Each structure stands twice: as C-alpha cells, then as structure tokens.
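Participant: This structure is in structure tokens; I'll ask about it shortly.
Nothing in this text is a laboratory measurement; each read-out follows from the coordinates by a stated rule. As the structure is a prediction and not an experimental result, all values here were calculated from the model. In this analysis, Cβ positions are derived from the backbone assuming ideal geometry, glycine residues included, and neighbour counts consider all displayed protein chains.
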Amino acid sequence: MKKEDIHLGDSLQCKVKEDMEKPFTGTVQKVYENSALLDITDYASADKQNAAELNFKIVINFKAIQKNFGGGVIEDPPEEASAE
C-alpha cells in the first residue's frame, strides 16, 4: 500500500509477525514516510497479551497492510502562498 492511500482515522487490517500472532485491525493515528502509527482496535483472543504489552499501539510498515477499510479524514493539500 502507498502513503497516499493512508489517511488519519483509516481503519486498517494488518499482519505483523514480530509482534502479533494473528491479523489485527487498527486506526491510523499518524502517517510516517514508510509506516503508520495505529491504535489497535480489534485483535484475536490469542493476541490479547501482545496487544496489552504494546499498550494497544503499534507502528506498522505499509507492506504489512492487508486491507484499508477507510473511514479516515482526507487532508486538504496545503494552499500555496500567493505573491501579492
């Protein structure tokens, strides 16, 4: 998935082998150059302990995103200052 396809508030389904055993769903809190900070909102019962240890937050690479459910806010591009 590309950075342009990710927006604040989007709900994403991800799979991260290092920290979570099963796919999980999270809400985008911040978008970085190649990754995003998510609040973990839905996870398998097997990952209850893992999610708690991560304080229900995780930084994921865009490559780990399996599906974007949307729901986020598309930010307006910054307006260019007009020379007056």
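Participant: What range in the chain is the longest one free of trypsin sites (Lys or Arg not before Pro) that are in a loop by DSSP and have at most 11 other Cβ atoms within 10 angstrom?
Facilitator: Longest site-free region, per DSSP loop and neighbour criteria: 18-84.
Participant: Residue 66 versus residue 49, label points 7 Å from Cα toward the beta carbon: distance in nm?
Facilitator: Simple spin-label model gives 2.2 nm for this pair.
Participant: Still on this structure, please answer the following. Arranged by the count of other C-beta atoms within 10 angstrom, fewest first, what order do 4, 53 take?
Facilitator: 4, 53
Participant: Please identify the longest segment of the chain free of exposed chymotrypsin sites (Phe, Trp or Tyr not before Pro), where exposed means a DSSP state other than H, G, I, E or B and no more than 14 other Cβ atoms within 10 Å.
Facilitator: 1-31
Participant: Could you give me D for the chain, from Stokes-Einstein at 20 °C and 1.002 mPa s, where the hydrodynamic radius is the Kirkwood radius over C-alpha pairs? Units µm² s⁻¹, please.
Facilitator: The estimated diffusion coefficient comes to 159 µm²/s.
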